[in-house]
Amino acid sequence: MINNNSQIKISELNNLPLGILRYVRLIGLEGFIWTAALFYFTFFVNPLETHFTICPLSNVGFEYCPGCGLGNSISLFFNGYFIESFKTHILGIPALIIILHRIYSIIKFNLKKQKTTT
């Protein structure tokens, strides 16, 4: 039998001043995925080197894949290769702007939702 006093309730986690749950609710699952992807492109992908890929077009032997080009373009942009980023995929920089705007919109919506519920 579990003692009810030792259980942590979700409502108690919401009252933590800097609780992780508060920030998870603020950014949401979609925002977390977009942020994690941008973090990955910034710090873990070296677009100047070849790497393992699960891309079916690259594995079949095509030299150019629009999806891979978009990711490489964003990674090049984060690493300071702005002209190469534009040459790799013309829509890389606009896609980055759209993704950043989407993350901002999610946070703004969730902040507004939190203010109306409290």
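The values are calculated or read from the model by the stated rules, or taken from the named source; none is laboratory data. This structure is a prediction, so every number in the text was calculated from the model and none was measured. Cβ sites come from the backbone with ideal geometry, for glycine too, and all protein chains shown count toward neighbours.
Among the listed residues 27, 98, which satisfies the condition of being within 15 Å of the chain's Cα centre (by Cα) and modelled with pLDDT of 90 or more? First the steps, then the outcome.
Working: 27 fails: modelled with pLDDT of 90 or more.
That would be 98, the only listed residue that is within 15 Å of the chain's Cα centre (by Cα) and modelled with pLDDT of 90 or more.
Taking into account only those residues within segment 53-91 that are in contact (Cβ under 8 Å) with a residue 12 or more places away in the chain, surrounded by 15 or more Cβ atoms within 10 Å (Cβ to Cβ) and among the hydroxyl-bearing types (Ser, Thr, Tyr), which is nearest to residue 35 (Cα to Cα)?
75
Among the candidates 42, 50, single out the residue that is β-branched (Val, Ile, Thr), out of contact with any strand residue (DSSP E or B) (no Cβ under 7 Å at 6 or more places or on another chain) and surrounded by 12 or more Cβ atoms within 10 Å (Cβ to Cβ). Let's see the steps before the verdict.
Working: 50 fails: surrounded by 12 or more Cβ atoms within 10 Å (Cβ to Cβ).
Step by step, each of 42, 50 is checked, and only 42 is β-branched (Val, Ile, Thr), out of contact with any strand residue (DSSP E or B) (no Cβ under 7 Å at 6 or more places or on another chain) and surrounded by 12 or more Cβ atoms within 10 Å (Cβ to Cβ).
Within segment 14-21, is there a residue that is surrounded by 13 or more Cβ atoms within 10 Å (Cβ to Cβ) and at pLDDT 75 or above?
So far as segment 14-21 goes, no, none of its residues is surrounded by 13 or more Cβ atoms within 10 Å (Cβ to Cβ) and at pLDDT 75 or above.
Quick one: residue 111 ticks every box in (1) in a loop (DSSP other than H, G, I, E, B); (2) aliphatic (A, V, I, L, M); (3) touching a Leu at 6+ places or on another chain (Cβ under 9 Å) except a single one, so which number is it?
(1)
Output the qualifying pairs, or none if there are none: Cβ atoms under 8 angstrom, residues six or more apart or on different chains, first residue in segment 22-42 and in contact (Cβ under 8 Å) with a residue 40 or more places away in the chain, second residue among the basic types (Lys, Arg).
Close Cβ pairs satisfying both conditions: 30/102; 31/102; 34/102.
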